[in-house]
Amino acid sequence: MNKLKVILFFGLLSLLFSPFIAKASCTWQAELTTTDPELGTSNTTGGCSSDEFRPNASSKEQCTGSQPSGSSSGLISRYVCCCTNPVAAPVDKKPKFDIPIPEVTIPTVNLTKVTCLPNDAGEYSCSIPWIGEYINGIYQYGINIVGILAAIMLMAGGLLWLISGGDASKITQAKDIIIGSITGMVILMASYIILTQVNPELVKMKSINLGYLTKDVTPPPENTAEFAAKCKSTDEGNCAVANMSAFGAKSSQASAICMAESGGRAGVFNALTKCTGTNEEYAVWGLFQFNLSANKFIDGSGNTLDCPKAYNETWTNSKPTCTVINKTLYDACVAAATDPKLSILNAQKLVTASSGWGPWEANSKWCKF
């Protein structure tokens with residue numbers, strides 16, 4: 001009997017909630033196959049569309065009724081079960097903030113919900129008042145405590161006066177306590193007016209406004225196909241494979257990196273790496289686009305130029321600033337970096353030191369050697 005009640009109970013629940021359970025809609029649809037005896041080919045039309053799927057044999061989402069029988073009169077016809085997924089509920093893109101629970105609970109601190117309002121562009125602006133509300137709660141709690149202490153001191157002064165027995169010193173002490181407690185209460189009660197007179201902004205607990213974007217504002221990527229086309233070796237110019245013999249088996253890759261970085265122009269610089277100042281001074285130069293603010297460079301005499309010391313700091317993508325502080329050293333580094341042979345020599349040494357093409361952004365983004 002108990003088992004029957006349980007079965008009936010759950011059966012009733014399923015009947016009550018079944019209308020709210022989204023199910024896939026499945027129907028039998030004709031699939032037609034045309035055959036060509038001469039060519040031995042066939043063409044299938046109909047059946048499930050691109051928005052539909054065929055359920056597995058074990059799936060509960062099966063077509064109702066028996067499968068209709070097909071016919072063959074020049075056409076091979078059969079019926080297949082096609083299902084459509086239920087329409088998903090729209091995603092609520094409105095930001096949600098849970099009210100935090102402070103580590104120190106104060107009775108007068110009452111945190112409210114965050115208000116988020118959208119604009120015409122679909123972007124939300126959320127007003128978070130929690131910090132202001134917490135400070136205001138601490139202030140209210142402090143007023144309560146100080147008020148209680150002032151009342152206690154007022155009563156203590158009155159009691160001391162009563163038991164003074166006409167002692168002038170005790171009466172004076174009692175008066176001081178009473179006057180001090182009353183003065184403290186007046187200042188406490190008038191604190192809001194005092195702060196307002198000093199600076200009205202002191203009594204304004206403004207909310208923190210945060211912007212929340214519901215749209216993808218990521219800038220579109222660069223033309224990867226166009227840039228990748230530059231990552232190809234060449235047999236002509238400064239970047240020719242024949243000029244890259246120092247790289248050994250990687251000569252062809254070196255030629256491609258060279259073309260991707262500079263297009264074979266020995267004296268080219270990266271305009272995005274301009275240093276501050278009145279002169280046209282840059283951080284990145286040459287066939288392999290050396291970052292002179294970050295790397296030493298070997299000149300034609302075999303001397304190592306400490307090029308980073310020509311700059312006040314290293315130019316990087318995350319911090320794209322620099323200033324030339326040693327013009328003589330800078331000019332020597334640029335002259336060496338724009339020499340095709342020296343640029344290839346230094347690039348080969350950098351590859352040996354790093355065991356790969358890691359230092360070159362063109363490879364990490366596009367060439368992938």
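The values are calculated or read from the model by the stated rules, or taken from the named source; none is laboratory data. Only a predicted model underlies this, so the values are computations on that prediction, with no experimental measurement involved. Positions of Cβ are generated from backbone atoms using ideal geometry, with glycine treated the same way; all protein chains shown enter the neighbour counts.
Numbers below:
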read-out: Among residues of segment 323-354, those that are more than 15 Å from S293 (Cα to Cα) and within 32 Å of the chain's Cα centre (by Cα), counted; value: 1
read-out: Residue selected from segment 118-152 under the condition of a type in the set (S, T, Y) and under 24 Å from the mean Cα position of the chain (by Cα), by the criterion modelled with the lowest pLDDT; value: Y124
read-out: Residue that is in contact with a helix residue (DSSP H, G or I) (Cβ under 7 Å, 6 or more places away or on another chain) and either of a type in the set (D, E, K, R) or surrounded by fewer than 22 Cβ atoms within 10 Å (Cβ to Cβ) (or both), where the choices are P340, P359; value: P359
read-out: Condition check for K206: within 30 Å of Q140 (Cβ to Cβ), assigned to a loop (DSSP other than H, G, I, E, B) and at pLDDT below 90; value: yes
read-out: Any pair with Cβ under 8 angstrom, 6 or more apart, that starts in segment 288-301 at a residue that is at positive phi and in the same structural domain as A260 (by TED's automatic domain parsing) and ends at one that is surrounded by 15 or more Cβ atoms within 10 Å (Cβ to Cβ) and charged (D, E, K, R); value: Q289/E261
read-out: Residues of segment 325-369 satisfying the condition of being outside any helix (DSSP H, G or I) and under 16 Å from C239 (Cβ atoms); value: T338, D339, W357, W360, F369
read-out: Residues of segment 252-295 that turn out to be buried (at least 17 other Cβ atoms within 10 Å of the Cβ), hydroxyl-bearing (S, T, Y) and out of contact with any helix residue (DSSP H, G or I) (no Cβ under 7 Å at 6 or more places or on another chain), as a count; value: 2
read-out: Any chance I143 is touching a strand residue (DSSP E or B) at 6+ places or on another chain (Cβ under 8 Å), in the same structural domain as K96 (by TED's automatic domain parsing) and part of a helix (DSSP H, G or I); value: no
read-out: Restricting segment 278-294 to residues that are polar (S, T, N, Q) and at pLDDT 90 or above, the residue that is farthest from T328 (Cα to Cα); value: N291
read-out: The lone exception for N346 - which of (1) more than 22 Å from A240 (Cβ to Cβ); (2) touching a Phe, Trp or Tyr at 6+ places or on another chain (Cβ under 8 Å) it fails; value: (1)
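Listed here are the residues, each with its yes/no results for (1) assigned to a helix (DSSP H, G or I); (2) more than 35 Å from the chain's Cα centre (by Cα); (3) among the aromatic types (F, W, Y).
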| site | (1), (2), (3) |
| --- | --- |
| T276 | no, no, no |
| N279 | no, yes, no |
| A294 | no, no, no |
| G302 | no, yes, no |
| P308 | yes, no, no |
